[in-house]
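One structure is given here, and the rest of the page talks about it.
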Amino acid sequence: MLKSIFFTCLLSITVICASAAPNDSTYLKKGFTFGLLPAISFDADLGFQYGGLSNFYWYGDGSNYPDYEHSLYLEFSKYTAGSTLARLYYDSPKLLRGIRTTADITWFRDLALDFYGFNGRDAVYNSDWEDDGSIHYKSRVFYRHHRGMFRIMTNLKGKIVDSKDEWNWMAGVVYFNFDIGPVDVDRLNRKKDTEDQLPQIDGLYDKYLQWGIIAPEEATGGQHAYLKAGISYDTRDIIANPASGTWTELFISHMPSFLSTQKGSYSRISIFHRQYFSLTRQKNLIAAYRIGYQHKLHGTIPFYLLPHMTTSTLTSATSQGLGGAKTLRGINRNRIVGDGGVLTNVELRWKIWKSKLFRQDFYLGTNYFIDMGLITQEYKIDKSRVPEGEYSHYFNNVRDKAHFSYGLGIKGALNENFVVSADYGMATSEQDGTSGLYITLNYLF
């Protein structure tokens, strides 16, 4: 993939709007602020991406700054070939008394979603098959399939005991409508010169369907809703980029059969632990880590829901892994997929420069990271129909081992909460890809 992204929007935070508050203190922000960021990139097959995103914040009287009372996030972007993302995300500790409320509505049509098979290292990844300059080239979208996703998510969080702010209960419901299929090569080939057109061949998704690895009833997607409940322990000093504290969440999620178009039901347990340490008195050098674990308790999970990760908040349009912008930076998106897995992210965050401009608080920072992921519970598949002559090209017959990536990033923040992030990660194994550049909002965790 070829991408050209404007770094100037990272350094300038693009459009800055003046606060509605008359108070000019660096330590107190009142009223209303927002930030804007354009979404501009290019992909050889998906075309030009255009659109933008905005985050609106209401700080009220400023007594809880840098934490806000209401946040509304809007995003819309589109590729000229047809991929579309539209999202609305709302977060507030004040909408309902004593309860933090989050809600998300997202439509995401991905004409070429990454798909590399299941169980990590057991699935062979051959980068030459995607390289149109290689003699072994098959297609630039060989490891892709079409996915349309509509999602509605709600989550509520409240104190278990009024006198203890750190302990909270959590509950919510998530609804999905998936439209799954092979890559629409004809659509991607429109307006392309003959030498740039994609060949009409079966991709990995088509082969898995032919071999019975993907069940026919799952092949085109479906509608699903699952319920989730859990507990949270949270002692972070601030939400956006904590300098100290611990944040741990445990979720049990259950999809009953009557809330799904697929037969059967399934349950999962998800545990995410995050901890933050300030290494200086000025709190400008912070060490942070996240450990996440997800495990299927019973049932059969549709293959397109395997990468989904249960969470109480969404810092991007999707919550999926392992691999990609929000889990393992530098490793191919959804490269490591199974019934259960573990991930670890370790970061050193440094606020290099802080200032006040246009009555707004700014800082520029950098971060250095190491990411790791591992399948701990394999997704059971039937390989008996794979032709003997092709088997070794697609499967290694090995259990998964740890996947590592590392890299660094740049951060630009407006009023602590609107954080523009650029991370560049590199995979340590060619089987996981080479590298990735991710420009988005917020810290990873």
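Laid out as a table, the results:
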| item | result |
| --- | --- |
| Within the range 55-168, strands (runs of 3 or more DSSP E) holding 1 or more residues that are β-branched (Val, Ile, Thr) and touching a Phe, Trp or Tyr at 6+ places or on another chain (Cβ under 8 Å) | 84-96, 99-114, 144-161 |
| Test set (1) more than 20 Å from Thr311 (Cβ to Cβ); (2) over 22 Å from the mean Cα position of the chain (by Cα); (3) surrounded by fewer than 20 Cβ atoms within 10 Å (Cβ to Cβ); (4) of a type in the set (D, E, K, R) - Asp67 fails condition number | (1) |
| Selection status of Ser92, polar (S, T, N, Q), modelled with pLDDT of 95 or more, surrounded by fewer than 19 Cβ atoms within 10 Å (Cβ to Cβ) and in contact with a His (Cβ under 6 Å, 6 or more places away or on another chain) | yes |
| Complete set of residues in the range 216-228 that are touching a residue at least 40 places away in the same chain (Cβ under 8 Å), out of contact with any Ser or Thr (no Cβ under 6 Å at 6 or more places or on another chain) and surrounded by fewer than 17 Cβ atoms within 10 Å (Cβ to Cβ) | Glu217, Thr220, Ala225, Leu227 |
| Matching residues, the range 229-246, being without any contact (Cβ under 8 Å) to a residue 40 or more places away in the chain and on the phi < 0 side of the Ramachandran plot | Asp237, Ser244, Thr246 |
| Any pair with Cβ under 6 angstrom, 6 or more apart, that starts in the range 354-365 at a residue that is within 19 Å of Ile410 (Cβ to Cβ) and in contact (Cβ under 8 Å) with a residue 12 or more places away in the chain and ends at one that is hydroxyl-bearing (Ser, Thr, Tyr) and assigned to a strand (DSSP E or B) | Lys354/Tyr363; Phe362/Ser355 |
| Residue in the range 85-92 that is of a type in the set (Gly, Ala, Ser) and without any contact (Cβ under 8 Å) to a residue 40 or more places away in the chain present | yes |
| Yes/no for Ala287 being farther than 18 Å from Phe118 by Cβ, of a type outside the set (Lys, Arg), surrounded by 16 or more Cβ atoms within 10 Å (Cβ to Cβ) and touching an Asp or Glu at 6+ places or on another chain (Cβ under 9 Å) | no |
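The values are calculated or read from the model by the stated rules, or taken from the named source; none is laboratory data. Note that the coordinates shown come from a computational prediction; the quantities given were computed from them, not determined experimentally. Cβ sites come from the backbone with ideal geometry, for glycine too, and all protein chains shown count toward neighbours.
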